[in-house]
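Chemist: Supplied in structure tokens, the structure appears directly below.
The values are calculated or read from the model by the stated rules, or taken from the named source; none is laboratory data. This is a predicted model, so every value here is computed, not measured. Please note: Cβ atoms are built from the backbone with ideal geometry, for glycine as well, and neighbour counts cover all protein chains shown. Side chains are part of the model used for accessible areas, which takes the heavy atoms of the whole protein and leaves out ligands, DNA and RNA. Shrake-Rupley method; radii C 1.70, N 1.55, O 1.52, S 1.80 Å.
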Amino acid sequence: MNRLAPLDRLTRLITFAARPHASYQAALFRIGLGGIAAAFLLREWPHRRLLYGDRSPWSPEMAARVIEEDHRFSVLLWSGGHWWFELVYHGAIVASVLLMLGWRTRATSVVFLVAVLSIESRNTYLGDAGDNAMRVMALYLAFTRCGAVWSLDARRSARARRQGKPVDDRAGVAMWQAIGVLLLWVSDGFPHTAWATVLWAFWAAHGAWYAAHRWSWGHRARDLLDAVTAMLHNCAMLVIAVQVCLIYGTAGWYKIQGALWQEGSGLHYALHLDYFMPWPALGGLLAHSMLVVYLLSYGTVIVQAAFPFLLGYRRLKNVLLAAMMLEHLAIGVVLGIPFLSAMMIVSDAIFLPTSFLLLLGTRCARLARRARRMTGAAVNPPSREHPPSGIGHAARG
């Protein structure tokens, strides 16, 4: 019995690792990431050519030099033409919206990764910490099964199960073939073979998954691929959680080492910077009270430094998450950096309990059904010539 115990524990561990976890957290992370990227690209749309396109003062030659030094890539540098830039920029918006909706997430997550890296790397000096977090999280998201719930993919799979039919993904296969032709065409455009290898590995893995789910001989291969993708999903979600902890931990400990934060005046100077003052009256109101500045400064340092260590305590974790989200919401409004704040709120959301997310999903679905009924009633109002039976009887009575 003692000899079988380690084997039994190993079997349970493998079974646990081969089953995807945190599916609702991954879906919320996908929706948030796609929504933030789409909102950012739409906000910069009027100035897109000046910031990232052919009218940018940051020339393609200078961008190519920085990309070569930082081992990045940008498909925007493959052509300096106006129409190529418009195609990539608007394609990034479409990919962000499709990722948010969960349409063919296996392919759109990779397209979203390429779009984010390309636009962010075209001019690295325009972004902030939010852009850096977006770039890193987009890479991790491509390894997750983020379309298992709350997506058009999940809706299509559920409909196929109810009808007793296999999932017909012709659009996904066609998209996979088109991406393969595009990769074959532009393979020489990657300055480093590492990125080309990563994208070809994604393409080959998706092709194997489609083949295993298409033909009957692939039952065992399908089970093996499902187990491998589940493990990759779990590892990617774990890496995302570790990345969030590193962001907060390093931010908190760097503040501890600073003299301004040690004396409780770090926030006071941030509130007096013209660059971070979209609402001067609101910033001046907060900066006017030194007690509020001290409390917020010390509270920020304590919460950020303690974040990685309090995640193991469930009750404290939920209170801590609420405090961090409120803090980022206040930072986005008061200091005028909404996309960084939104990015960190979405990253914090991966630690939310599944029961809360299920309740949130139920409430959102109920509101959506109510909105559809109200819209249908407004489009097709009841006819006055044929009132409902209860109203007719009451009128005759």
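Chemist: Might you let me know whether the range 81-93 holds any residue that is open to solvent by 30 Å² or more (accessible area, probe 1.4 Å), in contact with a Leu (Cβ under 8 Å, 6 or more places away or on another chain) and without any contact (Cβ under 8 Å) to a residue 12 or more places away in the chain?
Modeler: Yes, the range 81-93 contains at least one residue that is open to solvent by 30 Å² or more (accessible area, probe 1.4 Å), in contact with a Leu (Cβ under 8 Å, 6 or more places away or on another chain) and without any contact (Cβ under 8 Å) to a residue 12 or more places away in the chain.
Chemist: Run LEU326 past the list (1) over 22 Å from MET137 (Cα atoms); (2) open to solvent by 70 Å² or more (accessible area, probe 1.4 Å) and report the number of the one that doesn't hold.
Modeler: Here LEU326 clears every test but (1).
Chemist: Could you list, in sequence order, all residues of the range 276-295 that are within 30 Å of the chain's Cα centre (by Cα) and open to solvent by 80 Å² or more (accessible area, probe 1.4 Å)?
Modeler: TRP279
Chemist: On to the next question. Taking ALA306 as the residue in question, decide whether it is touching a residue at least 60 places away in the same chain (Cβ under 8 Å) and among the small types (Gly, Ala, Ser).
Modeler: no
Chemist: Also, quick follow-up: Just wondering, is there one or more residues in the range 225-234 that are modelled with pLDDT under 80 and among the charged types (D, E, K, R)?
Modeler: no
Chemist: List the pairs whose first member sits in the range 259-272 and is in contact (Cβ under 8 Å) with a residue 40 or more places away in the chain, whose second member is open to solvent by less than 80 Å² (accessible area, probe 1.4 Å), and whose Cβ atoms are under 7 Å apart, counting only residues at least 6 apart or on separate chains?
Modeler: TRP261/LYS255; TRP261/SER297; TRP261/VAL301; ALA270/PHE276; ALA270/LEU335; LEU271/GLY283; LEU271/LEU286; LEU271/ALA287
Chemist: Taking LEU352 as meeting all but one of (1) under 18 Å from the mean Cα position of the chain (by Cα); (2) at pLDDT below 90, write down the number of the exception.
Modeler: Condition (2) is where LEU352 drops out.
Chemist: Among the numbered criteria (1) of a type outside the set (A, V, I, L, M); (2) farther than 29 Å from GLY34 by Cα; (3) modelled with pLDDT under 85, which single criterion is violated by ARG314?
Modeler: (2)
Chemist: Let me ask something additional. Take TYR298 and tell me if it is among the hydroxyl-bearing types (Ser, Thr, Tyr), open to solvent by 70 Å² or more (accessible area, probe 1.4 Å), modelled with pLDDT of 85 or more and part of a helix (DSSP H, G or I).
Modeler: yes
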